[in-house]
Amino acid sequence: MKYIVGVDGGGTKTEAVVCDLNGNVVARKVIGSTNPNDVGNEKMLSSVCGLIESVLPFDCGSMDIGLGISGIFTAGSEDKLLESLKERFRFIDKIKVVSDKDSALSSAYDGDGCIAVIGTGSVCVVRKNGNVRDFGGGGYLIDDALSGFDLGREVLHAVLCADDGIFGKTILTELFNKKTGENIRKHLKYVYLKGKTYVASFAPIVFSALEENDEIAENIMRKSVCGFERLVSAAYSFWGKEQCEMTLFGGLAARFKTIDRFLSEEIKKKVIFKFPEYPIIYGDIKYILSEGKKEFAENFIRSYSKIK
């Protein structure tokens, strides 16, 4: 029997789904990051191939695969991934590799449109008259806009400064100590040992502190949202219309009700933020679908929500 496989590899987690030719999802599995810039090429290749193998039904005779992998083109790993997949799975009929932001854009729009991905990293993407343009997306070492890493790093900085007496008291310290079980000074070695994803794991602390009206947390969010607005403004200018609809993806999108409080009225007049109808992984599958997607999409979203 033939199946369609979608793989969405982000900076924190990687998801695979298998569906039949009618769009009914029959299997789903989630593992950790497969961004080759974080885990290395070899681990990315083995993880993606192993993930696909683990979800394939026993009666799979052929398959099409759509993959959206974070950092795949920055690392120059797309050819190695294609080669590994074709070598491991001799029964692939069609295969397409894109970046995770391409997957999100494909999921949200068939044609022109605007998206923002605010996960471990952040980027705005606009497709206008068939031309695609990124705003941000330079990676955690470069970007300063709203992202899990950005917020997590600011939490660590604030807690360290509070410990040194540079900042005043902040509930961030208490929340940090509760999460890690120790003082920031003792814990610094683990921050550097565990890296980017671990830094991003401290982002939820900001939102908890905001519920307590913590001033330092408010300053952190205000600064991060300001960076996000710069990306959004640049995307809006490129869009070139009076108003812009922007679909939100990524882990922080679930927190957008809080984030919205810090957005300027100017941005709110220019941009309408909305949530996606389909998950990012559907965008990977769309790349390998032929015509007649409506019924497939309806079956996919119905069965995906049940198996999730």
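The values are calculated or read from the model by the stated rules, or taken from the named source; none is laboratory data. Computed from a prediction, not measured in an experiment: that's the story for all the values here. With ideal geometry, Cβ positions are generated from the backbone for all residues, glycine too; neighbour counts draw on all protein chains shown. Please note that ligands, DNA and RNA were not included when accessible areas were found on the heavy atoms of the full protein model with its side chains. Shrake-Rupley method; radii C 1.70, N 1.55, O 1.52, S 1.80 Å.
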_What is the angle, in °, between the Cα long axis of helix 41-55 and the longest principal axis of the Cα atoms in the chain? Nearest 10 is fine, range 0 to 90._
60 degrees
*Subtract the Cα-Cα distance of Asp260 and Phe58 from 0.36 nm times their separation in residues, and report this length gain in nm to one decimal.*
68.1 nm
*So which aspartates and glutamates can Lys306 reach, going by Cα to Cα under 14 Å and dropping same-chain residues fewer than 8 places off?*
Glu298
*Multiply the residue separation of Leu193 and Val26 by 0.36 nm, subtract the distance between their alpha-carbon atoms, and state the gained length in nm to one decimal.*
56.3 nm
*Ordering Tyr278, Tyr140 by how much accessible area each has at a 1.4 Å probe, largest first, what is the list?*
Tyr140, Tyr278
*Which whole-Hz couplings ³J(HN,Hα) result when phi for each residue of the range 199-214 is put into the Karplus expression 6.51 cos²θ - 1.76 cosθ + 1.60, θ = phi - 60°, listed in order with x for Gly and Pro?*
4, 5, 5, 8, 4, x, 4, 4, 5, 5, 5, 5, 5, 9, 6, 5
*Could you tally up the Lys pairs in the range 73-181 with alpha carbons closer than 28 Å? Skip any pair fewer than 8 positions apart unless they're on separate chains.*
11
_With a 1.4 Å probe and all protein chains kept in place, how much accessible area does Lys96 have, in Å² rounded to the nearest 10?_
90 Å²
*Return the whole-Å distance between the Cα centroid of the range 231-273 and the Cα centroid of the range 3-57.*
30 Å
*Once the Cα atoms of helix 171-180 and of the chain are each reduced to a long axis, what angle between those two axes, in degrees from 0 to 90 to the nearest 10, is obtained?*
50 degrees
*Using a 1.4 Å probe, how large is the accessible area of Glu265, given in Å² and rounded to the nearest 10?*
120 Å²
*In units of 2.2 N^0.38 Å, what is the alpha-carbon radius of gyration of the range 98-150?*
1.12
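Please give the peptides 123-135, 8-20 ranked by average Cβ packing (other Cβ atoms within 10 Å per residue), highest first, as a rough proxy for protection.
Working: 123-135: 16.9, 8-20: 23.6.
Packing proxy ranking, top to bottom: 8-20, 123-135.
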*Quotient of Cα Rg and 2.2 N^0.38 Å for the chain, N being how many residues it contains*: 1.05
_Hits among aspartates and glutamates - C-alpha to C-alpha of Lys196 under 17 Å, sequence gap 8 or more where chains match_ = Asp38, Asp143, Asp144, Asp150, Glu154
_For the pairs Lys43/Lys274; Lys2/Lys29; Lys189/Lys223, flag any whose C-alpha to C-alpha distance is greater than 23 Å._
Lys43/Lys274; Lys189/Lys223
_Among 114-120, 159-165, the order from most to least packed when residues are scored by Cβ within 10 Å on average_ = 114-120, 159-165
*Evaluated at q = 0.15, 0.19 Å⁻¹: base-10 log I(q)/I(0), Debye formula over Cα of the range 1-129*: -0.70, -1.09
*Report, to the nearest 10°, how far helix 78-88 tilts away from the longest principal axis of the Cα atoms in the chain, using its own Cα long axis and a range of 0 to 90°.*
50 degrees
*Roughly how many Å is it from the Cα centre of the range 80-104 to that of the range 150-204, as a whole number?*
38 Å
*asked:* What does the extension gain come out to for Ser290 and Lys43, with contour length at 0.36 nm per residue minus their alpha carbon separation?
replied: 85.7 nm
